[in-house]
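Please read the structure below before turning to the comments.
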Amino acid sequence: MTTMNSSRSTVLITGASSGIGKATALLFQQRGWNVAATMRSPDKASDLQGLDRLLPLQLDVTEPESIQSAIAQTLEAFGGIDVLVNNAGYGLMGPFENCELEQIRRQFDTNVFGLMAVSQFVLPHFRDRKRGTLINISSIGGRVTFPLYSLYHSTKWAVEGFSESLHYELAPLNIQVKVVEPGPIKTDFYERSADRQLKLDSDYQAFYERVMPKMNKAGQSGSPPEAVAEVIFKAATDKSDRLRYAAGKQAGFLLTLRKLLPEPLFYQFIRQILIR
Ligand SMILES: NC(=O)c1ccc[n+]([C@@H]2O[C@H](COP(=O)([O-])OP(=O)(O)OC[C@H]3O[C@@H](n4cnc5c(N)ncnc54)[C@H](OP(=O)(O)O)[C@@H]3O)[C@@H](O)[C@H]2O)c1
C-alpha cells in the first residue's frame, strides 16, 4: 500500500525494474524516502509492489508522454521531487561496423536523449522549488574505453560531457548535478539487457572471440548493485558540490590509473588485460 507523505524527501528513478535502479529504489525506501520507481513494465515488478511509500510507475525514457505522466503521478502522490536518478540504460556491444544504424539510434535514444528528456521535464519543477539534485548514472566507461563497446562508450562519454557542463549552469539555481560512475556490476546489463544482435563480419570474428568473454567475465565478477545504490544515496544526501562519484570495487582503481598513467601506458594496460 503506497501511503502519501509529502514531508519526506522524494526520489524519482528511471530503469527501476532491475539491477542498479531496483537496488536504489529499495535503499531509498528503506531509508524513509518516498520513491517513484519508474520502469517500462511495472506489472512485471511484483517484488516492488505493495511497499510503503514506493510507487511503481510506467516510464519509457524514449516516450515523452510516459515521462510526463510518471512525473505528474509522482507530484500528485508525493507533492514534489527532490532527486532525479537517470539510471535507465543498456549496452550495444560488438564491432562498430557490424551495428545497424537503427541499433545505434536506439542506443543513443535511450542512454543519451532519454536521459536528457527526463531531465528537461523535471528541471522546471526543480527551478520552481529553487532546489533539486540531478544524478546521472554514467560508467567508468564514460571516462575510459574498452574494445567492442565503442557505441556504449560514445553514449556515456556524452553523458559525462553533458553533466559536467550542466553542473556549472544549474549551480546558481541551487540545482546540483552529480555523475555516478560504476565499474563492472553484476546485473542484467551483460545478458538480458545487452544488445548483441550483430551479423559479425569474419574479419572481426577472432578478435570478438578473444575479447568478449573477458568483458563478460568482468561483469560476472563485478560488485553487487547494492554497492552502487549506496553511492547514489551518498550523492543524493551529502550536500556537497562534488560532481563525480566512482562506484564498485574496480572503479576507483581504474579511474586513478587513467589519471596517473600517460595515455600510451594506459592503452598498453587495457591491451594487456583484455586483448593479449
Ligand atoms: N552493470 C554494469 O556493469 C554497469 C556499469 C556501469 C554503468 N552501468 C549503468 O547502470 C545503469 C543501470 O544498468 P544495470 O547494470 O542496472 O542493468 P540492468 O539490470 O539491465 O538495468 C537496466 C535498466 O534500464 C531499463 N531500460 C532500458 N531501456 C529503457 C527505456 N527505454 N526506458 C526505461 N527504462 C529502460 C531496463 O528496463 P527493462 O527491465 O524494461 O529492460 C532496466 O530497468 C545503466 O545506465 C548502465 O549503463 C552499468
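The values are calculated or read from the model by the stated rules, or taken from the named source; none is laboratory data. The structure displayed is predicted, hence computed values, not measured ones. Positions of Cβ are backbone-derived with ideal geometry, glycine not excepted, and every protein chain shown enters the neighbour counts. What goes into the accessible areas is simple: the full protein's heavy atoms, side chains included, and nothing from ligands, DNA or RNA. Shrake-Rupley method; radii C 1.70, N 1.55, O 1.52, S 1.80 Å.
Can you find a residue in segment 161-174 that is part of a helix (DSSP H, G or I), surrounded by fewer than 20 Cβ atoms within 10 Å (Cβ to Cβ), free of Cβ contacts under 8 Å to residues at least 40 places away in the same chain and in contact with a Phe, Trp or Tyr (Cβ under 6 Å, 6 or more places away or on another chain)? There is no residue in segment 161-174 that is part of a helix (DSSP H, G or I), surrounded by fewer than 20 Cβ atoms within 10 Å (Cβ to Cβ), free of Cβ contacts under 8 Å to residues at least 40 places away in the same chain and in contact with a Phe, Trp or Tyr (Cβ under 6 Å, 6 or more places away or on another chain).
Looking across segment 199-224, the residues that are open to solvent by less than 80 Å² (accessible area, probe 1.4 Å), away from the ligand (no atom under 16 Å from the Cβ) and assigned to a loop (DSSP other than H, G, I, E, B) come down to L200, D201. You will find that of Q73, Q68, the residue that is open to solvent by 20 Å² or more (accessible area, probe 1.4 Å) and out of contact with any helix residue (DSSP H, G or I) (no Cβ under 9 Å at 6 or more places or on another chain) is Q73 and no other. Each residue in segment 178-198 was checked for being more than 6 Å from the ligand (Cβ to nearest atom) and either within 10 Å of I140 (Cα to Cα) or surrounded by 24 or more Cβ atoms within 10 Å (Cβ to Cβ) (or both), and 5 of them qualify. Residues that are of a type outside the set (D, E) and touching a Ser or Thr at 6+ places or on another chain (Cβ under 6 Å) within segment 135-167 comprise N136, H153, K156, V159, listed in sequence order.
Name every residue in segment 87-103 that is under 18 Å from the mean Cα position of the chain (by Cα) and either over 21 Å from G219 (Cα atoms) or not polar (S, T, N, Q) (or both), in order of residue number. Matches in segment 87-103: A88, G89, Y90, G91, L92, M93.
Which members of segment 154-194 meet the condition of being in contact with a Pro (Cβ under 7 Å, 6 or more places away or on another chain) and of a type in the set (A, V, I, L, M)?
Of the residues in segment 154-194, the ones in contact with a Pro (Cβ under 7 Å, 6 or more places away or on another chain) are 185-187.
Hit for segment 154-194 is I185, nothing else.
Just to be sure before I move on: is V118 crowded, with 23+ Cβ neighbours inside 10 Å, within 11 Å of the ligand (Cβ to nearest atom), of a type in the set (A, V, I, L, M) and part of a helix (DSSP H, G or I) in the structure I sent? The answer is yes for V118.
Can you report the number of residues in segment 227-257 which are part of a helix (DSSP H, G or I) and crowded, with 16+ Cβ neighbours inside 10 Å? Of the residues in that region, 11 qualify.
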